[in-house]
1. Determine which member of the set Ile264, Ile259, Ile255, Ile223 is modelled with pLDDT of 95 or more and under 22 Å from the mean Cα position of the chain (by Cα).
2. What are the residues in the range 237-248 that are of a type outside the set (Val, Ile, Thr) and surrounded by fewer than 20 Cβ atoms within 10 Å (Cβ to Cβ), if any?
3. Checking Cys54 against (1) open to solvent by less than 30 Å² (accessible area, probe 1.4 Å); (2) within 23 Å of Tyr214 (Cα to Cα); (3) near ligand 1 (Cβ under 9 Å from one of its atoms), which single condition isn't satisfied?
4. Select from the range 78-95 the residues that are open to solvent by 60 Å² or more (accessible area, probe 1.4 Å), assigned to a helix (DSSP H, G or I) and more than 9 Å from ligand 1 (Cβ to nearest atom) and list them in ascending order.
5. Is it the case that the range 104-111 has a residue that's within 13 Å of ligand 2 (Cβ to nearest atom) and either open to solvent by 70 Å² or more (accessible area, probe 1.4 Å) or under 17 Å from the mean Cα position of the chain (by Cα) (or both)?
6. Quick one: which of Arg289, Arg314 is in a helix (DSSP H, G or I), at pLDDT below 95 and surrounded by 15 or more Cβ atoms within 10 Å (Cβ to Cβ)?
7. Does the range 25-38 include one or more residues that are of a type outside the set (S, T, N, Q), in contact with a Leu (Cβ under 9 Å, 6 or more places away or on another chain), open to solvent by 60 Å² or more (accessible area, probe 1.4 Å) and within 10 Å of ligand 1 (Cβ to nearest atom)?
8. Having 1 or more residues that are within 16 Å of ligand 2 (Cβ to nearest atom) is the bar; report the helices (runs of 4 or more DSSP H) wholly within the range 1-77 that clear it.
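The values are calculated or read from the model by the stated rules, or taken from the named source; none is laboratory data. As the structure is a computational prediction, the values presented were derived from the model and not from experiment. Every residue, glycine among them, receives a Cβ derived from its backbone with ideal geometry; neighbour counts consider all protein chains shown. For the accessible areas, the whole protein counts, side chains as well, though only heavy atoms, and no ligand, DNA or RNA atoms are used. Shrake-Rupley method; radii C 1.70, N 1.55, O 1.52, S 1.80 Å.
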Amino acid sequence: MKKILVTGAVGQIGSELTAALRKEYGENHVVATDIRMPTDVDLRDSGPFEFLDCLDPNHITRVMQIHETDTIYHLAAILSAVGETKPAQAWQVNMNGLYNILEAARQYHCALFVPSSIGAFGPTTPRDNTPQDTIQRPDTIYGVTKVAGELLCDYYHKRFGLDTRGLRFPGLVSYETEPGGGTTDYAVEIYYEAVRHKKYKCYLREDTSLDMMYMPDALRAMIELMEADPSKLKHRNAFNVTAMNFTPGRVADEIRKHIPEFEIAYEVDPTRQAIADSWPNYMDDSAARHEWGWRPTYDLAGMTVDMLEKLTGRVSAPDKQKRVS
Ligand code: NAD
Ligand code: SER
């Protein structure tokens, strides 16, 4: 049975990935780590948790030794919008943190999953049906670290035979843990605000098209990629994956099918709008489909039904939220 370490486990993806991995491989086989303590009771109590700063290489290897880690999901990072306000920190965490994890994985012969992003593309990338292999000249610090990270993971595979794998995720939509400061966060906030206040002020233009995916598909994609036959993986560190693409206007229309009085207004934030305008409208994910059988299950309609149902349950019974008191 695998012995898995998750970095950044308190974040939007990590909190749900830890639960999914514990279900799949056993609670004591998955060590959640972060520089923040979990506030979610399930994450804290359902298996081991370690405080772990990816900028401390000795600490990483010590935790790996104690838990006999053989697989790492490295999710610790600074996202795109926060990265533009703190570029030095984004470089530190996204590059030096990744380097430390790659070195630790090399030393202990671990398989390693590292997510990339639509942020690895830039204004000169073809925006429609963005190819798997294409121009990557991002103009955000987040994008620069994502492209460098893809290349570094390729290098460790080629040079040291490390089993590195990764996905270029689109914006991820989920209801368990709020997002950590990305450009695509509006696609989560809009559902929260629809349920809480029946209105939302959006920081992107009504017609801004971006790729998106619902969290259950993202969790399955990560686990399926790590279980895939390595001989079939030509693009092992940077598979385009997507499930749907929409604009704020389109998601508002979808929400109105369930909450007819829902209102949306637009107050554009120039920084996040410029980032979104430099990212693809929609990606071609045929390499992932051919090489390891990627298939999304949720479209915008299905995701909207599920998001509104889950969030309505939480808002109407806030005392049932799984917070540590
Ligand atoms: P998040 O911001 O919600 O979580 C990141 C976690 O990393 C946080 O809990 C934070 O405390 C932790 N962290 C920060 N610095 C650290 C350090 N020095 N050591 C250890 N932990 C540290 O981010 P997320 O949305 O869960 O994203 C995880 C990964 O997936 C990132 O690489 C991100 O670029 C990528 N990704 C996310 C999305 C998305 O929409 N959420 C889309 C594409 C790619
Ligand atoms: N959701 C992420 C962001 O906006 C995409 O990588 O930063």
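1. Working: Ile264 fails: under 22 Å from the mean Cα position of the chain (by Cα); Ile259 fails: under 22 Å from the mean Cα position of the chain (by Cα); Ile255 fails: under 22 Å from the mean Cα position of the chain (by Cα).
Sole residue among the options that is modelled with pLDDT of 95 or more and under 22 Å from the mean Cα position of the chain (by Cα): Ile223.
2. Step one: filter the range 237-248 for residues of a type outside the set (Val, Ile, Thr), giving 237-240, 243-246, 248.
Listed by number, the list holds a single entry, Asn245.
3. (2)
4. Glu84, Thr85, Pro87, Ala88, Trp91
5. Here is the first cut: in the range 104-111, the ones within 13 Å of ligand 2 (Cβ to nearest atom) are none.
So far as the range 104-111 goes, no, none of its residues is within 13 Å of ligand 2 (Cβ to nearest atom) and either open to solvent by 70 Å² or more (accessible area, probe 1.4 Å) or under 17 Å from the mean Cα position of the chain (by Cα) (or both).
6. On the way: Arg289 fails: at pLDDT below 95.
Arg314 is the lone residue from the list that is in a helix (DSSP H, G or I), at pLDDT below 95 and surrounded by 15 or more Cβ atoms within 10 Å (Cβ to Cβ).
7. Pass one, the range 25-38, residues of a type outside the set (S, T, N, Q): 25-27, 29-32, 34-38.
Next, only the ones that are in contact with a Leu (Cβ under 9 Å, 6 or more places away or on another chain) stay: 29-32, 34-35.
Pick out the ones that are also open to solvent by 60 Å² or more (accessible area, probe 1.4 Å) and you get 35.
Filter once more, keeping what is within 10 Å of ligand 1 (Cβ to nearest atom): 35.
The answer is yes, given that some residue of the range 25-38 is of a type outside the set (S, T, N, Q), in contact with a Leu (Cβ under 9 Å, 6 or more places away or on another chain), open to solvent by 60 Å² or more (accessible area, probe 1.4 Å) and within 10 Å of ligand 1 (Cβ to nearest atom).
8. Values: elements: 12-25, 41-45, 57-67.
Those helices (runs of 4 or more DSSP H) span 12-25.
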